[in-house]
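Please read the structure below before turning to the comments.
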Amino acid sequence: MPSRKFADGEVVRGRWPGSSLYYEVEILSHDSTSQLYTVKYKDGTELELKENDIKPLTSFRQRKGGSTSSSPSRRRGSRSRSRSRSPGRRPPKGAHRSASASVSHQADIKEARREVEVKLTPLVLKPFGNSISRYNGEPEHIERNDVPHKNTQEKFNLSQESSYISTQYSVHPRREEIRLKEVDSKEEKFVTKELAVRTFEVTPIRAKDLEFGGVPGVFLIMFGLPVFLFLLLLMCKQKDPSLLNFPPPLPALYELWETRVFGVYLLWFLIQALFYLLPIGKVVEGTPLIDGRRLKYRLNGFYAFILTSAVVGTCLFQGVEFHYVYRHFLQFALAATVFCVVLSVYLHMRSLKAPRKDLSPASSGNAFYDFFIGRELNPRIGTFDLKYFCELRPGLIGWEAVLTTMDIIHDGFGFMLAFGDLVWVPFIYSFQAFYLVSHPNEVSWPMASLMIILKLCGYVIFRGANSQKNAFRKNPSDPKLAHLKTIHTSTGKNLLVSGWWGFVRHPNYLGDLIMALAWSLPCGFNHILPYFYVVYFTMLLVHREARDEYQCKKKYGVAWEKYCQRVPYRIFPYIY
């Protein structure tokens, strides 16, 4: 195993990716597998650098009249100046060139190339949603007319060292006209040209950063959750759904599949797709993508709910027997699972042809893991957004403040979200009602009133927190939000530290859990089975909160640590 040159905690100077500038950094850790150092800049930014991009402090001489910069802050438009060299004069035609002249000629070519690299204005990582941003602490005013047209651009390929980008930034092109020196050479001649740096590539995450336990973990989830779901439903249909009677009697496989049920499921899916495509409801823009684009989404979930209710009412009036759904609940669960697997295969196959800029920040490069987490961030067929539709329509209608959530802006669309949206949510979130059909429970009016009040309290917290966050992300300067206190971050964004988000760090999760408890209480306390929803949901949101914390700490650095000091409790006040 090769030895490492720098120790943890050592203060050195690290090269800022994509430039020739070195800044003071602290060594945080070293990965012996990838041979990369994790370093922290003075503004809190954490990056991974190769060993040859790190220099000891003693290797930098003190400049006359000032020292080297200690933070990677640069004003817009500033340029690094390089030594000026005069191009060699062209010798008379047919003249013999000496060996020393040839060496000098090659040195001139290398120097000219270095000038090309040095004179490129460093890219500015522009935070979302602000006209005035901060690039590592320095104010940066962004103008809208500095984006060149596509037909006048020439793509400039960056080296692997300069392909770093944090997923929370969008990279806007910076156009720089560079006049190159004409070099004495029969083979090479530099001419004036316009270079436009378009985007960085998103570097796949390393194996040690994989979530859900990596490949073994997602393997267990993909094969374990469907089996666990069917065992829960089978236990629920038993006369005594006690855990002592686990496992329940298993039906024959042919009893779980019915082609007609699969057809009814497809009909439901297609009806919701039709409602989604109706040109009603307002159209809004999502958060900026890596290349600066904003996708458009039509918000018509409320109209879809009204139309769905009308269809259901009409079917009841015509004498359609809806008890059919309960009697074939297991068959519907299997039909949804089969559809989910087919959809996941399609999503993975189409993602193999997707351009790099359309891939999810969560994708890793491992085929099995990416099948689970999803490779493509926003798979669309024309204007039909598959992830957005499956999140909100077939299994859960009406959740519209979703465009700024982790599901939309970070996770790709693969088996994880497909199974969660199309199987887990509709069949587990309705588990209490399925239980009560076979095991009814009498509830008094006072107790029912308390349950309704608890449900409303959870909804107010959930809705208020999500609406406040969504409004702040869309327009931080909204006068209606002026009373809220914030912490500024090095990305240019602000963190809310008052209102719902000054109560706990994830108030929307708290509201969600209160509502989950209110849905389970009507089942009584004879068995723990109907409370699986609450137990599972608590584990899910605690894990999701941990993912949020990791991403936010990586994204906001010191500012997030200050926020955690101001708001110490994550979900439950004075508990957790």
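The values are calculated or read from the model by the stated rules, or taken from the named source; none is laboratory data. All values reported here derive from a predicted model rather than from experimental measurement. When the accessible area is computed, the model is the full protein with side chains, heavy atoms only, and any ligands, DNA or RNA have been set aside. Shrake-Rupley method; radii C 1.70, N 1.55, O 1.52, S 1.80 Å.
What to note about this one:
- Rounded percent of accessible protein surface that carbon and sulfur make up, region 207-274, 1.4 Å probe: 75 percent
- Convex hull volume per residue in cubic angstrom - Cα atoms of region 389-463: 105 Å³
- Over region 415-537, relative contact order from alpha-carbon pairs under 8 Å, at least 6 apart, %: 36 percent
- Solvent-accessible area per residue for region 503-554 (1.4 angstrom probe, square angstrom): 43 Å²
- Percent carbon-and-sulfur accessible area, region 283-401, ignoring ligands, DNA and RNA, probe 1.4 Å: 67 percent
- Protein accessible area in region 503-576, 1.4 Å probe - carbon and sulfur %: 66 percent
- Probe 1.4 Å, protein heavy atoms only - accessible area per residue of region 312-398 in square angstrom: 44 Å²
- Amide H to amide H distances under 5 Å link VAL25 with VAL12, ARG13, GLY14, where only residues 5 or more positions off or on other chains count and H is placed in the peptide plane.
- When only alpha carbons of region 235-295 are considered, Rg and Dmax amount to 22.0, 57 Å.
- Amide H partners (placed H, <5 Å) of LEU36, local residues excluded: ASP31
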